[in-house]
1. Expressed in nm to one decimal, what extension gain is obtained for the pair LEU207 and VAL249 from 0.36 nm per residue of sequence separation less their Cα-Cα distance?
2. Taking +1 at the Cβ of each Lys and Arg and -1 at the Cβ of each Asp and Glu, which of HIS297, LEU365, GLY381 sits farthest along the dipole of segment 278-389 towards its positive end, judged by Cα position relative to the Cα centre?
3. Leaving ligands, DNA and RNA out of it, report the carbon-plus-sulfur percent of the accessible area of the chain at a 1.4 Å probe.
4. Could you tell me the calculated FRET efficiency between LEU351 and LEU58, based on Cβ-Cβ distance and R0 = 22 angstrom, to the nearest 0.05?
5. May I have the pair-distance distribution P(r) for segment 1-73, computed from all Cα-Cα distances with 10 Å bins from 0 and rounded to whole percent?
6. If I model a spin label at LEU180 and ASP198 as a point 7 Å from the Cα along the Cα→Cβ vector, what separation in nanometres do I get?
7. Under the 0.36 nm per residue contour assumption, what length would be gained going from the current alpha-carbon distance of ALA101 and LEU78 to full extension?
8. Jot down the radius of gyration and Dmax of segment 48-123, Cα atoms only, both in angstrom.
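The values are calculated or read from the model by the stated rules, or taken from the named source; none is laboratory data. The structure displayed is predicted, hence computed values, not measured ones. Cβ sites come from the backbone with ideal geometry, for glycine too, and all protein chains shown count toward neighbours. Note: accessible area is taken over every heavy atom of the protein model, side chains too, but ligands, DNA and RNA are not part of it. Shrake-Rupley method; radii C 1.70, N 1.55, O 1.52, S 1.80 Å.
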Amino acid sequence: MSPSRPAAFLAGFLLLATFSGATIGMAKIVTTLYAIEIGADPWQLGVIAAMESLGMVLLTLPAGFVIARYGARRVYCLASLGPLLLNLAIPLFGGWAWLAAARLLIGLCIPFRIVAMNSAFLRQLPRIGNDKAGWYRGALTLGMGLLGPWLGNALGGSLGFGVAFVAIGLCFGLMAFYGLGFWNREEDASVGAVGAGDPFAQVRAMLAHAEVAESCLIELLSNATGALFGTFIVLLALEVAGLSQAQAVSLVMIQGLAAVLGLFGLGHLVERCGRRLAYLASLITALLGLGLLGRAHDYGWLAAGGVLLSTAAALAHLVNMAQLGEHPEDKSKLSGLFNLAGMLGGLCGALLGGTISQLVGLENLFLAWIPVLSLGVLACGWYRLRRPPPLVALEP
């Protein structure tokens, strides 16, 4: 896709992002239903779910350097073929251990796809406008959170798991071949001249830039708070608020819908009001949402708390993407670091939330998260004051 046609790029990119998100969301729900079908217990379900996240965390940062060296076009295609073959193979073997191993291997492929797309979007962001900085995350969330689970439930329930996994594999195959025509050859021809130094030294050099470190830390905090909601809101709604299962599940869907609307709709507001004010509004909104979730015990207020958290996350993400899009560092490396921060936030939010709930009780979990989030924001502010933006751009 030619970079000189930003409108054509954006349309094709959003289509690919939505389709990719729907495929991943579909795979998650089909995997969970299939694991239940073959008799996995709750602990085994947790291991299966964690394996993909573990694989993604392990290779997200290296993925940025690989893409910077070899280009998004070929890496995205090859990384899509792995999930294609693995999904086709899942129904051929029984047992939860094989399913967990397959999810781990798929998780090792996914970061190359995510970082390739994120770096392409960051590279084009100055052309398409910072007011659209949340559109990639919005399209991905639309697919993963809304379309994917619905399609997965329909496929697994009506056609059987064998057909469902074949359909998921074919979707990855379609994306592999679509990606060959999506990224232009000129863009791939410009890669390869990456620094040959120590990757860890390059990461430290990127984090020495205050805006990069700030964006990564805030993304980590935002994703940790989102993971806290996603992991515990259903249990809180059922056991503390006494809501029905349908109401509890709908809280997650409302939060996902609010996230999509915020990512697509708040870009103009952030650009008009300024990034510092958007960060402040994000913090205040998140604290209000956590307060509602910690004190309210009826459906309406819990839904409002979820909407506030989604709005806060959308505001923070819009600023983060705009800052990284303007940074001179190689976008593939930045994307790897930024996505790693988000994934670590998701893992930390779930794990730390479980520990806190054991100490203070599930009903006080969201209130107890307020000082955690506040300390993280204070640490971010302190770091920015201590590490002003460098005057010289990083070497590519």
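1. Value of the extension gain: 11.3 nm.
2. Highest projection toward the positive end goes to GLY381.
3. Roughly 71 percent of what the probe reaches on the chain is carbon or sulfur.
4. So the FRET efficiency works out to roughly 0.85.
5. The percentages, shortest bin first, are 16, 28, 32, 17, 6, 0.
6. Distance between the two pseudo-spin positions: 4.1 nm.
7. Taking 0.36 nm per residue and subtracting the Cα distance, the gain is 6.3 nm.
8. Rg and Dmax of segment 48-123, Cα atoms, are 13.1, 43 Å.
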